[in-house]
Structures are given as structure tokens and as C-alpha cells.
Amino acid sequence: MTATKSHLLSHWGELALAAAEGGSRIRISGATGAALPTADLARIGVRGLGCRTLRACPNGTATFVLDRLADGEPLPDAVAEAQRRGIAEADPTADLSGADAAVKVRLLAALLWGWDATAVRTEAGPGIDAGTAEAARAAAARGRRLRSVATASADEPLVVRVGLAETGPGDPLHALRGPEKAAVYGCPEAGDITVSGGRSSPLGAALAMVKDTLDVAGPVGSGFA
């Protein structure tokens, strides 16, 4: 189990092969959503449901900062508060640019559709910067919320897109508060499958590692186990 993304992005196929040859399991909850079970859903929870799209806000820092900007707080203050709470990294560049969200969706898409994560390319739009505050406030004035959204589609293999997008009432990504995260698995026949909550925090990341440890170390069960 791991919460580190770099080796997953560079050695996805080799790790999968080694695990298969050794009869081992790989679990990456900590690298894809921490306490939010996005990886579990992608790996097995929506298997067989014909999901064709993935749309997610998997970075709690971005959501937290965007909501603060919408409330009129300056960007440096919003980032500093996220860092104080242990939500944002010491260097928040990947959170604000959308790079972290894109990486998480690369990994989720690899689990969902059998892609090689090392071959997935990212197309990035504008991230969160000093000019984003005006757009966040304007969206809020219309009853909408600005979000950093990463997407992937089975019909466009090996591509993940990330950028800022307005969301409206009724959209699960619109409903997020503070450092919460969400992923929407678009399944045309079964309907959208959404998982949300799991706010970013050091404790959430630690709990994800505990969950994956229990999964990897536990015996293969029988019946409902």
C-alpha cells in the first residue's frame, strides 16, 4: 500500500506484474483520495456497470481555497489557512495548478479501465492564481461555485483533463464544502455513481493507510467477509 504517487506513475506496469507474479495485492487509497474510497470504487466497486466517464474534485486544498476566494478572502490568506490546518502541502503548487488532481484521476482511470498510468497524458487549463478570486466571486453571485475539476473518458483513452469549471446546484461537485472531495463515475445504464466527503487532513491520509493495510494483510475471506 502506498500514498506516494511518483513510483505509480513511472512503474505502473512493472508493479502490477511483480504483484501478479508474487501473488500480492497493491492498494493506493492514500494516493487517490485518502479517506475517500475512490480507488476501491474504481478497482471493484463499479466493475461491470459500464462506466464511461470519470469527473472528480480529488484535491481538498483546491476546493477549500476556491470557497475562501468566493467569500472574499485573498489567495495568500486562503492558502496559509489551508496549510495551518494541515490540508495543503508546504509547497501548494501542485494543488493550485490542478496537477495533483490530474495525477489522482490518472491513477483512478488506470484502475477503472485498465490503462497504463505511465502512458496517460494530461491536458491542463488555468489553475488557481491571483486572478481566480474575481471568477470565484462572480460564480458565487450567480449561485454557482468554481471548482478544480479533473476528467477522463473511456472514449478518449489515455487522456486526463483538468481545469477550473463552474458548477451549479444539483451537481455533486457543487455541494462540496471546505476540503471535501468527490468523484462521479458516469455509468450510462446504471446511472452516475458518486462518492463524496472524505475531507483532506493528515488523519484522513493515515486512516487510508490503515484501511489498505487491513486489506493487504488480511486473509482472503469467504462468504460475506
Legend entry - Between 0 and 90°, nearest 10: helix 132-141 axis offset from the chain longest Cα axis: 80 degrees
Inset, instruction - Describe numerically, in nm with one decimal, the distance between label points set 7 Å from Cα along Cα→Cβ at Ala175 and at Thr2. - result: 3.4 nm
Legend entry - Contact order normalised by residue count of region 99-212, Cα under 8 Å, 6+ apart, percent: 21 percent
Inset, instruction - Report, ordered by chain and residue number, the aspartates and glutamates lying within cross-link reach of Lys104, taken as a straight Cα distance under 16 Å and ignoring same-chain residues fewer than 8 apart. - result: Asp40, Glu89, Asp95, Asp116, Glu123, Glu180
Inset, instruction - For Glu156 and Asp215, calculate 0.36 nm times their separation in residues minus their Cα-Cα distance, and state this gained length in nm to one decimal. - result: 18.0 nm
Inset, instruction - For region 1-118, with all protein chains present and a 1.4 Å probe, just round the carbon and sulfur fraction of the accessible area to a whole percent. - result: 53 percent
Legend entry - Sorted peptide list for 173-179, 30-36, criterion being average Cβ within 10 angstrom, highest first: 30-36, 173-179
Legend entry - Calculated over the chain: convex hull of Cα atoms, volume per residue (Å³): 122 Å³
Legend entry - Orientation-averaged projected area, Cα convex hull of region 90-181 (nm²): 6.8 nm²
Inset, instruction - Take the alpha-carbon centre of region 165-225, take the same for region 13-54, and report the distance between them in whole Å. - result: 12 Å
Legend entry - Cysteines (scope the chain) whose Cβ has no counterpart Cys Cβ under 4.7 Å: Cys57
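The values are calculated or read from the model by the stated rules, or taken from the named source; none is laboratory data. As the structure is a computational prediction, the values presented were derived from the model and not from experiment. Counting neighbours? That spans all protein chains shown, and the Cβs are built from the backbone with ideal geometry, glycine included. Note: areas computed on protein heavy atoms with side chains; ligands, DNA, RNA excluded. Shrake-Rupley method; radii C 1.70, N 1.55, O 1.52, S 1.80 Å.
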